[in-house]
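Just so you know, all these numbers are worked out from the coordinates, no wet-lab data involved. Just so it is clear, the structure is predicted and the values come from calculations on it, not from any experiment. No Cβ is skipped: glycine too gets one built from the backbone with ideal geometry, and neighbour counts run over all protein chains shown.
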């Protein structure tokens, strides 16, 4: 039904109460309903899961339809992303939000800043999901509130054409609520702990959970050393725990993203259980770095496996961990990925050490030979030096083509002197097209940057501090922040409006009528920004 149809229906309801509800205005009720279309996190999870499933199908039909997100560590940051996207592109289609466990650890833990090792409170993850969706719903309320003001102004002016135009915008309003891909790390414990946390995250609104195959109590950031993986059966128990959580809560189309850290993880804590040659446990163990055991070199406490009729001892480190053979990372990633997709995963995540299309594509070609519609979520990580990596790739390609490289020093490719050279320009173009190229060639459905707003907050704060506390004083803020907000149309320049002051005024008027004491009068300094 349209905006006006709902109002008519509500008027009939109010009239049926024989005058006892005459203080209720049907149009005000309808406005409040539109401003709060999602009543629970489960409503959001079901709605956004549908969006992701449709986007996955669209990508399968055409890899140009890849999706993107930026990591957010606060509801306000996520809100501003979506407001910006709607302002610049008109719609949020194929644009999500990523919730990074790294940023939760570094910025949201009661223990203070922590490394990405699952030491933060696991309850802070669902709390942040709920916070993000609270801010996105508030963005809906704010934008609709401004449309309602436009409608009232058009009515007051007797402008029927304007009224029709605004009502059409209200009837076709697009919410700021978009899918969140939420990082559950390695599950923060065993499969039961994973299930309990997954439920909390889904209840908060998450439609997609990303879980990694590291040991929970040895978990490391994906771009640091010392990562330890678990056997497939242990990991798949946690994947099933996530699926049970989705199904129990009625989110039947929820999405599970399984992440393999095997490319950079050379260690395991456990020897996998194997019941027969060639099973998953046997395949996992086949990558172990072993030495043949004899009566002479046998020691108490040795773990022994049978490989091709020989008794072998997996090499154990002083940390009591076992190591894989060097050079087996890609093979293990491929096995991890195929196994996950064959056991309930919807999307893959392969953590790499550099952004290189052909490296990713090489693994995905092997995976897609078994599971043709395999799709990746890929971390366009700030842990990569993008400038250096792509300048090195271009340098090597130019050299292979026989070009004269005497103007370049490969050891100093970060130099600003190369910014406008043929090499620098070509590298920047490869960075610009990386996402489209990788989605077409390497099966990447979703591109995300894990920590972008961590870095933008640090950079903008440094620039402001340098100016404000230096010789520029207040001009450092006005010229570089407020003036740019005004000229670029940044909604937050009217910070009272952004924080919900006008929505609050509307409610005061609904509840108290002419007796309402509103904040948005003639003396509100936000009026200085009306132009």
* Rounded to 10°, Cα long-axis angle of helix 75-89 versus longest principal axis of the chain -> 80
* Mind checking the full-extension length gain between residue 33 and residue 431? Use 0.36 nm per residue of separation minus the Cα-Cα distance, one decimal, nm. => 138.9 nm
* How far apart, in nm, are the 7 Å Cα→Cβ label points at residue 486 and residue 134? -> 3.3
* To do: Can you pull the one-decimal nm distance between simple spin-label points at residue 525 and residue 297, each 7 Å off the Cα toward Cβ?
  => 7.7
* Quick one: angle between helix 160-171 and the longest Cα principal axis of the chain, in degrees between 0 and 90, rounded to 10, please. => 30
* **Gain on full stretching of the segment that runs from residue 54 to residue 273 - 0.36 nm per residue minus C-alpha separation** => 75.0 nm
* Theoretical ellipticity at 222 nm over the chain - DSSP helices of four or more residues, -39500 (n - 2.57) apiece, nearest 500 -> -15000 deg cm²/dmol
* How do the peptides 330-340, 392-402, 249-259 rank, highest first, by the average count of neighbouring beta carbon atoms within 10 Å per residue? -> 330-340, 249-259, 392-402
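Report the calculated FRET efficiency for residue 369 and residue 518 (r = Cβ-Cβ distance, R0 = 41 Å), to the nearest 0.05. Intermediate results must be reported in sequence, preceding the final value.
Details: r = 65 Å, r/R0 = 1.59.
Computed FRET efficiency for residue 369 and residue 518: 0.05.
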* On the first, second and third principal axes, largest extent first, how far apart are the outermost C-alpha atoms of segment 149-254 in Å? -> 70, 33, 16
* Where the eigenvalues come from the Cα gyration tensor of segment 477-531, what are the semi-axes √(5λ) of the equivalent ellipsoid, largest first, in whole Å? -> 28, 10, 7
* Crossing angle, helix 422-432 versus the chain [Cα axis fit, 0-90 degrees, rounded to tens] -> 70
* On average, how much area does the Cα convex hull of segment 20-104 cover when viewed from any direction, in nm²? -> 8.6
* Structure fact -> Taking R0 as 41 Å and r as the Cβ-Cβ distance between residue 319 and residue 440, the FRET efficiency 1/(1 + (r/R0)^6), rounded to the nearest 0.05, comes to 0.45
* **Directionally averaged shadow of the chain, computed from the convex hull of its alpha-carbon atoms, nm²** => 34.2
* Asked: Label residue 253 and residue 121 with points 7 Å out from Cα along Cα→Cβ: what is the distance between them in nm?
  -> 3.5
* Segment residue 477-residue 93, length gained on full extension (0.36 nm per residue, minus Cα span) -> 134.8 nm
* Efficiency of FRET from Cβ geometry, residue 40 and residue 149, R₀ 22 Å, rounded to 0.05 -> 0.15
* In whole Å, what three semi-axes, largest first, describe the equivalent ellipsoid of segment 426-531 built from its Cα gyration tensor (square root of 5 times each eigenvalue)? -> 40, 25, 12
* Counting alpha carbon pairs within less than 8 Å and at least 6 residues apart, what relative contact order, in whole percent, applies to segment 43-135? -> 27
